[in-house]
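K.L.:
Before anything else, here's the structure in question.
The values are calculated or read from the model by the stated rules, or taken from the named source; none is laboratory data. Because the structure is predicted, anything quoted here is derived from the model rather than measured. Virtual Cβ from ideal backbone geometry, glycine too; neighbours counted across all protein chains shown.
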Amino acid sequence: MTPVLLLAGLLLCCACSRKADYIVISGYAQGGTYTVKLNRQGPSGRVRTAPEQIKQAVDSILYTIDTTLSGYNPSSLLSRFNAGERIPVNDMFLDIYREARALWEETGGALDVAAGGLFDLWGFGFTDDTLPPAERIRGLLDSVGMHTLAPGMEEVLAPGRTLSGCDLALREGLHPVLNYNAIAQGYSCDRVADYLHGIGVKDMLVDIGEIYCDGKNPSGRSWSIGIDRPVDGNNQLGADLDGIWQSGGKACGIVTSGNYRKYYIRNGKKYAHTIDPRTGYPVSHTLLSATIVAPDAMRADAYATYCMVIGLDSARVFIQEHPELEGYLIYDQDGEMREWASEGFTLADGVNR
């Protein structure tokens, strides 16, 4: 869930000085749209790559991600793998599994891309909503998750770099299903940002559902990102803001995760889309949303989800124990909305609660 970009939409180029040369490119990606704002005047001089070439390269990166990692594209490598096919594996497929495995180990199983079957069971994956019986949940806990899969894909690849679920599973009869929703958009931002840095761009904002930014905006100031209030039914980005974060010019990803847009109610009880893969059930605690600033967007994406899994107190401790992170937690206290921010999380209105 992306924070809200607070910048007037620029469709061509603008300049905050004679040296700056900002352009905006946009298009379709991952079932939605993307926007990239960048200054063609880099720290080492003018970026020589033409705007048309930059857009073509960004579109190519996002196309590769879509055809590799999208669970909504039925012809992607991920969809075909989840359907039980033997697939040809590219470097991106290997890379994101490696990253996801490391996050699973780091979080003690709270982030588990191989628990996709649980999300489907609850209706928050690639299926419709449902309320599963306890026995089905218990059964899935034994047969899904990273603990059922090989530590690395490279070790089990067949000749010709092909792979099936049977190769990856640690025991017979398992049908692995992978779901990268918790990190794929952040991962996409990072890949685009890597390309832009590689051609000499410094000032940029990459918005692909999640956000990566670096340097300054066209006004010569740091990027400003709005944080939505986590009110149930607040489905319009920027319609109801809790505060505005300032980047300070640093290179980072910023991502908000919350349970106020994806949920359903059965028998008077709210079931949120954040599933704890260790228990098999949607989380139930006072944390309403978590915004994480990290050195890259993939980890901001992952850790925002992780905070929503572990709840307010543990999330606060986690952020404070990781100096490379900043965080902003919005929670319920006796029916009232409260906020907590780490020391370095800067809000435009000066609020730091």
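K.L.:
Got at least one residue in the stretch 92-112 being β-branched (V, I, T) and more than 22 Å from the chain's Cα centre (by Cα)?
P.N.:
no
K.L.:
Continuing with the same structure: Could you please give the count of residues in the stretch 52-62 that are of a type outside the set (S, T, N, Q) and loosely packed, with under 13 Cβ neighbours inside 10 Å?
P.N.:
Selection size over the stretch 52-62: 1.
K.L.:
Same structure again: So which residues in the stretch 181-203 are surrounded by fewer than 23 Cβ atoms within 10 Å (Cβ to Cβ) and at pLDDT below 95?
P.N.:
N181
K.L.:
So in the stretch 151-175, with the set limited to residues that are in contact with a strand residue (DSSP E or B) (Cβ under 8 Å, 6 or more places away or on another chain) and small (G, A, S), which one is farthest from L111 (Cα to Cα)?
P.N.:
Here the residue is G160.
K.L.:
Is at least one residue of the stretch 57-65 free of Cβ contacts under 8 Å to residues at least 40 places away in the same chain and of a type in the set (D, E)?
P.N.:
Checked against the condition, which is being free of Cβ contacts under 8 Å to residues at least 40 places away in the same chain and of a type in the set (D, E), the stretch 57-65 yields at least one hit.
K.L.:
Name the pairs: first residue in the stretch 319-337 and closer than 22 Å to R229 by Cβ, second residue among the basic types (K, R) and surrounded by fewer than 21 Cβ atoms within 10 Å (Cβ to Cβ), Cβ to Cβ under 8 Å, at least 6 apart or on different chains?
P.N.:
From residues that are closer than 22 Å to R229 by Cβ, the pairs are G327/R316; L329/R316; I330/R229; I330/R338; Y331/R338; D332/R338; M337/R229.
K.L.:
When the residues of the stretch 69-106 are narrowed to those that are touching a Phe, Trp or Tyr at 6+ places or on another chain (Cβ under 8 Å) and part of a loop (DSSP other than H, G, I, E, B), which ends up surrounded by the most Cβ atoms within 10 Å (Cβ to Cβ)?
P.N.:
Here the residue is G71.
K.L.:
Got a number for residues in the stretch 20-38 being in a strand (DSSP E or B), out of contact with any Lys or Arg (no Cβ under 7 Å at 6 or more places or on another chain) and in contact (Cβ under 8 Å) with a residue 60 or more places away in the chain?
P.N.:
Summing the residues that are in a strand (DSSP E or B), out of contact with any Lys or Arg (no Cβ under 7 Å at 6 or more places or on another chain) and in contact (Cβ under 8 Å) with a residue 60 or more places away in the chain in the stretch 20-38 gives 7.
K.L.:
Okay, moving on. With respect to the numbered conditions (1) of a type outside the set (A, V, I, L, M, F, W, C); (2) in contact with a Gly (Cβ under 7 Å, 6 or more places away or on another chain); (3) over 19 Å from H175 (Cα atoms), which one is the sole condition not fulfilled by D91?
P.N.:
With respect to (1) of a type outside the set (A, V, I, L, M, F, W, C); (2) in contact with a Gly (Cβ under 7 Å, 6 or more places away or on another chain); (3) over 19 Å from H175 (Cα atoms), D91 is out only on (2).
K.L.:
Follow-up question, since we're still on this one. Can you say whether T127 is at pLDDT 95 or above and either crowded, with 20+ Cβ neighbours inside 10 Å or not hydrophobic (A, V, I, L, M, F, W, C) (or both), as far as the supplied structure shows?
P.N.:
Against the criterion (at pLDDT 95 or above and either crowded, with 20+ Cβ neighbours inside 10 Å or not hydrophobic (A, V, I, L, M, F, W, C) (or both)), T127 does not qualify.
K.L.:
May I pose another question? For D66, only one of the following conditions fails: (1) under 30 Å from K216 (Cα atoms); (2) among the charged types (D, E, K, R); (3) more than 19 Å from the chain's Cα centre (by Cα); (4) not in a loop (DSSP other than H, G, I, E, B). What is its number?
P.N.:
D66 satisfies every listed condition except (3).
K.L.:
Checking K269 against (1) within 17 Å of the chain's Cα centre (by Cα); (2) of a type in the set (K, R); (3) modelled with pLDDT under 95, which test does it fail?
P.N.:
Only one criterion in (1) within 17 Å of the chain's Cα centre (by Cα); (2) of a type in the set (K, R); (3) modelled with pLDDT under 95 is unmet by K269, namely (1).
K.L.:
Is there a residue in the stretch 43-51 that is modelled with pLDDT of 95 or more and assigned to a helix (DSSP H, G or I)?
P.N.:
Yes; the residues of the stretch 43-51 include at least one that is modelled with pLDDT of 95 or more and assigned to a helix (DSSP H, G or I).
K.L.:
Restricting the search to the stretch 189-233, which residues are touching a helix residue (DSSP H, G or I) at 6+ places or on another chain (Cβ under 9 Å), closer than 14 Å to Q246 by Cα and β-branched (V, I, T)?
P.N.:
Selection gives I211 alone.
K.L.:
On to the next question. Checking G109 against (1) part of a helix (DSSP H, G or I); (2) at pLDDT 95 or above, which single condition isn't satisfied?
P.N.:
(1)
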